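Asker: One structure, pasted below without further comment.
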Amino acid sequence: MLDVPVSSCHDVLQALQERGYVYELAPRAGYYPTLRLLDIAKTIANHDPVVMRADTVLRALRDVTDESVLLAKASGMTATYLLSQEPSHPLRFTVVIGQSVRNLHATSAGKALLSTLDEATLDAFLKTEKLATLTDKTITTKAALKAEIAAGRARGWFSNIEESQPGVVTLSAPFAWNAATYIVTIAGPASRIGPRIESAAAHLLEACQDLEMRPVTA
């Protein structure tokens, strides 16, 4: 896979083995990582400057809404999930950390991301993107999506009311840290969030305003 000589691979493996990162399963049976790699990963995660500063605020938002609360980092036309706070309910919305926000036209996080684009970039996206129908409530016309984004910009938050998945509602709002865009999302079943969208959105905006007052420095 690396397209390097076997001897060079052997030297690398020997160095990793001497430092305790891998061990040999059996003679000529291959190598496997040790738990030392897990310890390093935990150290990295525990000192993530963004997660460290966001965790307390997002945990409080999770507690007051008792729904899943997610943090994503926007970069260009993608947003990657960095943190997830789980609610007490067994029926909950979950994401895989490191996964990108999909279906920008049909998710609240996607709309929040699109709202941060300048008009020329947004128009270019709308010109080339196919707005796939995911549910019977998905916005599939570019004029309607642009109007939805404008409405979200005006109120400060964006909604996905069963547009990406039946029975799921998500609310998202963007905020800025060190000239970078982050997105906070509240997600859960429509039966729980639907009747209290306005109050959940108010808590969401309050959390984002709080986060913007806590600048991130590495």
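The values are calculated or read from the model by the stated rules, or taken from the named source; none is laboratory data. This one's a predicted model, so the numbers in the text were calculated from it and none came from an experiment. Note that each Cβ is placed from the backbone with ideal geometry, even for glycine, and that neighbours are counted across all protein chains shown. The area values use the complete protein model at the heavy-atom level, side chains included, leaving out ligands, DNA and RNA. Shrake-Rupley method; radii C 1.70, N 1.55, O 1.52, S 1.80 Å.
Asker: Roughly how many Å² is the accessible area per residue of segment 134-185, as a whole number, for a 1.4 Å probe? Each step should come with its number before you reach the end.
Answerer: Details: 2160 Å² over 52 residues.
Accessible area per residue, segment 134-185: 41 Å².
Asker: What 222 nm value per residue comes from the helices of the chain, counting each DSSP H run with n ≥ 4 as -39,500 (n - 2.57) and dividing by all residues, nearest 500 deg cm²/dmol? All intermediate terms of the calculation are to be shown ahead of the outcome.
Answerer: Numbers: 8 runs with 93 residues, N = 218.
Mean residue ellipticity at 222 nm (helix-derived): -13000 deg cm²/dmol.
Asker: From the convex hull of the Cα coordinates of segment 122-218, what is the mean projected area in square nanometres?
Answerer: Numbers: hull surface 29.7 nm².
Taking a quarter of the hull surface, the average projection is 7.4 nm².
Asker: Let me ask something else about it. What is the calculated FRET efficiency for Ala150 to Thr56, with r their C-beta to C-beta distance and R₀ = 22 Å, to the nearest 0.05? Mind showing how you got there, number by number?
Answerer: Numbers: r = 33 Å, r/R0 = 1.49.
So, using R0 = 22 Å, E works out to roughly 0.10.
Asker: Would you mind getting me the FRET efficiency between Asp118 and Arg92? Use the beta-carbon distance for r and R0 = 41 Å, nearest 0.05.
Answerer: Details: r = 36 Å, r/R0 = 0.87.
About 0.70, to the nearest 0.05.
Asker: Tell me the angle of helix 197-212 to the major Cα principal axis of the chain, expressed in degrees between 0 and 90 and rounded to the nearest ten.
Answerer: 50
Asker: Hey, with R₀ at 22 Å, roughly what FRET efficiency would Leu25 and Asp3 work out to, going by the Cβ-Cβ distance, to 0.05? Can you show the working numbers first?
Answerer: Values: r = 24 Å, r/R0 = 1.10.
Given R0 = 22 Å and the Cβ-Cβ separation, E is 0.35.
Asker: What number comes out for the charge environment of His203, summing +1 per Lys or Arg and -1 per Asp or Glu over other residues with Cβ under 12 Å away?
Answerer: Numbers: positive: Arg62, Arg196; negative: Asp63, Asp66, Glu67, Glu198, Glu206, Asp210.
Spelling it out: positives minus negatives among the neighbours equals -4.
Asker: In 10 Å bins starting at 0, how do the alpha-carbon pair distances of segment 22-121 split up by percent?
Answerer: 13, 31, 29, 16, 9, 2, 0
Asker: Between Asp123, Asp39, Asp11, find the one with the highest GNM mean-square fluctuation for the chain; connect C-alpha pairs within less than 10 Å.
Answerer: Highest fluctuation of the listed residues: Asp11.
Asker: Using the 2.2 N^0.38 Å rule of thumb for compact globular proteins, work out how the chain stacks up: its C-alpha Rg over that value, please. Could the numbers behind the result be given before it?
Answerer: Details: Rg = 21.3 Å, N = 218, 2.2 N^0.38 = 17.0 Å.
This ratio for the chain stands at 1.25.
Asker: Determine the share of the chain's accessible area contributed by carbon and sulfur atoms, expressed in whole percent, with a 1.4 angstrom probe. Don't skip to the answer; put the middle values down first.
Answerer: Details: 6950 of 12040 Å².
C and S fraction of accessible area: 58 percent.
Asker: Here's something else I'd like to know. Using 0.36 nm per residue of separation minus the Cα-Cα distance, give me the extension gain between Val12 and Arg214 in nm, one decimal. Each step should come with its number before you reach the end.
Answerer: Values: separation 202, 0.36 × 202 = 72.72 nm, distance 4.20 nm.
Full extension of this stretch gives 68.5 nm more.
Asker: Can you give the net charge of the other residues whose Cβ lies under 9 Å from the Cβ of Glu86, counting K and R as +1 and D and E as -1? Please report the intermediate quantities before stating the final value.
Answerer: Numbers: positive: Arg62, Arg92; negative: none.
Residues close to Glu86 contribute a combined charge of +2.
Asker: Stretch Ala179-Glu206 to full length: gain in nm at 0.36 nm per residue minus the Cα-Cα span? Walk me through the intermediate numbers first.
Answerer: On the way: separation 27, 0.36 × 27 = 9.72 nm, distance 1.96 nm.
Between Ala179 and Glu206, full extension yields an extra 7.8 nm.
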